[in-house]
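> Quick one: the structure is below, questions incoming.
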Amino acid sequence: MNLSRQAMIDAIDRESKLSDELFLEIVQVEDYLEKTELIEAVRAKCRETGRVQEFNNLLKAWQHKYSQLCKQEASNKTEFTDAPLVLNCGRYKATDTGVLIHDVSPNGTPTTSIACPHPILPVERLINIDSETEKLKIAFFKDARWSSLVADCNTVYNKNNISSLADRGILVTSENARELVRYLAEVVSLNAAEIPLYRSLSRLGWVDGEFAPYIKDVKYDGDADFKNVYSHVRNQGDFDKWKEHVLKLRKDLNIRLMLAASFASPLIELVGALSFVLHIWGTTGFGKTVSLMVAASVWGNPEMGCLTRTMNMTQNAMARTAAFLRNLPFCADELQQIKTRWNNTYDQLIMYLTEGIDRGRAKTRGGVEEMRTWKLAFVFTGEEPITRSVSGGGVRNRVIEVECDRKIIQDGNYTANLVKDNYGFAGQLYIEYIQKHCKVDELRSRFRELTAEILREADTTDKQASSMALMLLADELACKCVFGDEPLRVQDVKGFVISERMIRTEERAYQEVLALIARNRNKFAPDAQDCWGRIDDDTVMINKQVLEQEMRKLGFEFNAVKKAWAKEGYLIRNSQGRILHQTTMYGVRTTCIKLFTPNGEDLTEEEHEIIEKIFQPDLDGLKKNILLRKK
């Protein structure tokens, strides 16, 4: 080893800076064996001084820097007017007339290849936080202005895929695709340090304790369809003006619940709860749409097409929107627009949305697409209920329905204009408050307390109680950090959760069968042309086949509820303990089911008052249940 190298190695101690000359000497050695011997000699000295890790890290940085310098040494530079960056472009000539390269063919003839007939260059590299995949932001000059787009590297660096960028305005054809790919790859390779590198996201919501879009130095790299929505999750206007008006609106419980659902959406992932639907329904002209805009204005621009959307969209569009919003509320108006698309029932839609995961899809080029997921609150409005009496228990469990029977916003035009001009402050304050003052364990503990309190105060299910508890918890936090008023109590909202009995499939099936019998009393007469059976004082004998057929029309299966009916006393067994009764009816031997059919004549006045006050949704059914218990 020559003396100068040895002197630099001997000069290494525990305190002084490792010299740049030493690293430059290492990276400039061309012989591999000689370079390895020199590196090991330096490492041995650094090991003695306890600086081997520092040396290894600096050596990697110098090797990268030196390789870049060597590449750039004979490189041209881009000469675009007013371009975002000036970059090395290797052998390519990049001017305002386009990008081309001069070369020589194998037979010695000079050639010129056009990579792109207009200025184009990569200006940002984006690493997605969720998928860790890289995308490239490309700027290009066309139609007298600079534009930009974000594309997957699989598109940019593949001559078969890059032609798809023609739809975005870049003049790329099958002829110049290969050369354009080479040019872009060359520029990225030569300018790894000069092209800014950012973290990126293709969605909104929680990311490792941070909340997009309130994360610094994070860019959006998702679908162009949602770029506009992403940009509208921001604040604008006067917060005090928004707050003053919304404080007045919050005096109406319907609007208060919509705001609570909007604030509850980011909490769902934190406390480990399920997505739910809050549905406000009633006749037109009551201010439901404007109320929805108020709820959306918590987070950003509530204009239709921004954070407020119409429900007139396909299932795939709903999934894409929910996955993009991720933890922000899905605010959608006019639910009835899609009723016919879902066979006149929303049950399948509700289950699909609240499950929080999209169905798997295959990629065109093989493999499976990344599964889209979401955990958020759906806030819907419409002119009719979202559930039916025959809706399954799982559906009714996931929905809180509020009937709007009066005008809830007096000056809808003024309110709509106000929230379209002033929005977005409350959401950011709310998230900052949670991040600074709320521990996840404490939020979960308070959520469990509220859920338990609702279950004590209301006859409901765990899922209904947890959805309402989320809204109460969100309202508490919003009162502390945004509004400064008194939070909602369980007593204020317990009337909006459904009775556990009315969620149970067997109970709703029983009520529907009783209603069916009442509507068809003429078919239980001896002279009926289509006789179903016989009605006595408080029982009915109904043909088993008829009962099964009619229940199936209503959306129920007799075999699925018969055991529960027998346990509750709705279904009366024969003397041998069987549910089938072999009897002669009007001269015909038949197999029947015997059901208990109470009437409401023996209810006390106090029992009537309790039922009408608490159980308004299904008075007749609950009266019959009380009579059944008394018997």
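The values are calculated or read from the model by the stated rules, or taken from the named source; none is laboratory data. In this text, all values refer to a predicted model and were calculated from it rather than measured experimentally. Here Cβ is always computed from backbone atoms with ideal geometry, including for glycine, and neighbour counts include all displayed protein chains. Only protein heavy atoms, including side chains, enter the accessible area calculation; ligands, DNA and RNA are left aside. Shrake-Rupley method; radii C 1.70, N 1.55, O 1.52, S 1.80 Å.
> Quick check: is even one residue across the range 482-490 open to solvent by 50 Å² or more (accessible area, probe 1.4 Å) and aromatic (Phe, Trp, Tyr)?
no
Let's see how each residue does on (1) open to solvent by less than 10 Å² (accessible area, probe 1.4 Å); (2) more than 42 Å from the chain's Cα centre (by Cα):
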residue	(1), (2)
Cys89	yes, no
Thr112	no, yes
Ala115	yes, no
Ile120	yes, no
Glu134	no, no
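> Would you check which residues across the range 211-224 are free of Cβ contacts under 8 Å to residues at least 24 places away in the same chain and open to solvent by 70 Å² or more (accessible area, probe 1.4 Å) and list them?
Scanning the range 211-224 gives Lys216, Asp217.
> Only residues that are free of Cβ contacts under 8 Å to residues at least 24 places away in the same chain and open to solvent by 60 Å² or more (accessible area, probe 1.4 Å): list them for the range 448-473, please.
Arg448, Glu449, Leu455, Arg456, Asp462
> Of the conditions (1) over 23 Å from the mean Cα position of the chain (by Cα); (2) of a type in the set (S, T, N, Q); (3) closer than 19 Å to Pro213 by Cβ, Asn413 satisfies every one except a single condition; which number is it?
The single condition Asn413 does not satisfy is (3).
> Let me ask something else. Restricting attention to strands (runs of 3 or more DSSP E) lying wholly within the range 94-146, give those where 2 or more residues are in contact with a strand residue (DSSP E or B) (Cβ under 7 Å, 6 or more places away or on another chain) and free of Cβ contacts under 8 Å to residues at least 60 places away in the same chain.
Ranges flagged: 98-104, 110-116, 134-142.
> Filter the range 430-439 for residues that are closer than 19 Å to Gly484 by Cβ and within 21 Å of the chain's Cα centre (by Cα) and give the result.
Matches in the range 430-439: Tyr430, Ile431, Glu432, Ile434.
> All but one of (1) at positive phi; (2) free of Cβ contacts under 8 Å to residues at least 60 places away in the same chain hold for Gly237; which doesn't?
Here Gly237 meets the rest and fails (2).
> Here's another thing I want to ask about it. Among the listed residues Leu274, Leu253, Leu292, Leu267, identify the single one that is out of contact with any Ser or Thr (no Cβ under 6 Å at 6 or more places or on another chain) and open to solvent by less than 30 Å² (accessible area, probe 1.4 Å).
Step by step, each of Leu274, Leu253, Leu292, Leu267 is checked, and only Leu267 is out of contact with any Ser or Thr (no Cβ under 6 Å at 6 or more places or on another chain) and open to solvent by less than 30 Å² (accessible area, probe 1.4 Å).
> Within the set of pairs 6 or more residues apart or between chains, which connect a residue that is closer than 19 Å to Glu79 by Cα inside the range 169-197 to a residue that is of a type in the set (Val, Ile, Thr) and part of a loop (DSSP other than H, G, I, E, B) with Cβ atoms less than 7 Å apart?
Leu180/Val172; Val188/Ile195
> Report, ordered by the first and then the second residue, all pairs with beta carbons closer than 7 Å, sequence separation of six or more or different chains, a first member in the range 515-529 that is without any contact (Cβ under 8 Å) to a residue 24 or more places away in the chain, and a second member that is open to solvent by 60 Å² or more (accessible area, probe 1.4 Å) and outside any helix (DSSP H, G or I).
Lys523/Asp530; Phe524/Arg534
> Would you pick out the residues in the range 213-265 that are within 21 Å of the chain's Cα centre (by Cα) and charged (D, E, K, R)?
Within the range 213-265, Lys219, Asp221, Asp223, Asp225, Lys227, Arg234 meet the criteria.
> Of all residues in the range 182-205, how many are hydrophobic (A, V, I, L, M, F, W, C) and either buried (at least 18 other Cβ atoms within 10 Å of the Cβ) or touching a Gly at 6+ places or on another chain (Cβ under 9 Å) (or both)?
Of the residues in the range 182-205, 7 are hydrophobic (A, V, I, L, M, F, W, C) and either buried (at least 18 other Cβ atoms within 10 Å of the Cβ) or touching a Gly at 6+ places or on another chain (Cβ under 9 Å) (or both).
> Which residue pairs have Cβ atoms under 8 Å apart, sit 6 or more places apart or on different chains, and have a first residue in the range 412-439 that is of a type in the set (S, T, N, Q) and a second that is surrounded by fewer than 18 Cβ atoms within 10 Å (Cβ to Cβ) and part of a helix (DSSP H, G or I)?
Between residues of the range 412-439 that are of a type in the set (S, T, N, Q) and residues that are surrounded by fewer than 18 Cβ atoms within 10 Å (Cβ to Cβ) and part of a helix (DSSP H, G or I), the close pairs are Thr415/His245; Asn422/Phe239; Asn422/Lys241.
> List the helices (runs of 4 or more DSSP H) inside the range 473-533, counting only whole elements, that have at least 2 residues being under 18 Å from Ile593 (Cα atoms).
Output list reads 505-519.
> Taking the range 537-594, which residues are outside any strand (DSSP E or B), of a type in the set (A, V, I, L, M) and surrounded by 18 or more Cβ atoms within 10 Å (Cβ to Cβ)?
Result: Val546, Leu547, Met551, Val561.
> Can you pull out the residues in the range 322-336 that are over 18 Å from Ile386 (Cβ atoms) and either of a type outside the set (Phe, Trp, Tyr) or open to solvent by 10 Å² or more (accessible area, probe 1.4 Å) (or both)?
The answer is Ala323, Leu325, Arg326, Asn327, Leu328.
> So, in the range 266-294, exactly how many residues are charged (D, E, K, R) and either under 22 Å from Gln428 (Cα atoms) or in contact with a helix residue (DSSP H, G or I) (Cβ under 7 Å, 6 or more places away or on another chain) (or both)?
The number of residues fulfilling the criteria is 1.
> Among the residues of the range 406-446, which ones are closer than 22 Å to Leu328 by Cα and among the acidic types (Asp, Glu)?
Asp421, Glu432, Asp441, Glu442
> Sticking with this structure for a sec: Anything in the range 1-42 that is without any contact (Cβ under 8 Å) to a residue 24 or more places away in the chain, closer than 19 Å to Gln53 by Cβ and open to solvent by 80 Å² or more (accessible area, probe 1.4 Å)? List them, or say none.
Glu15, Lys17, Glu40 - these are the residues of the range 1-42 that are without any contact (Cβ under 8 Å) to a residue 24 or more places away in the chain, closer than 19 Å to Gln53 by Cβ and open to solvent by 80 Å² or more (accessible area, probe 1.4 Å).
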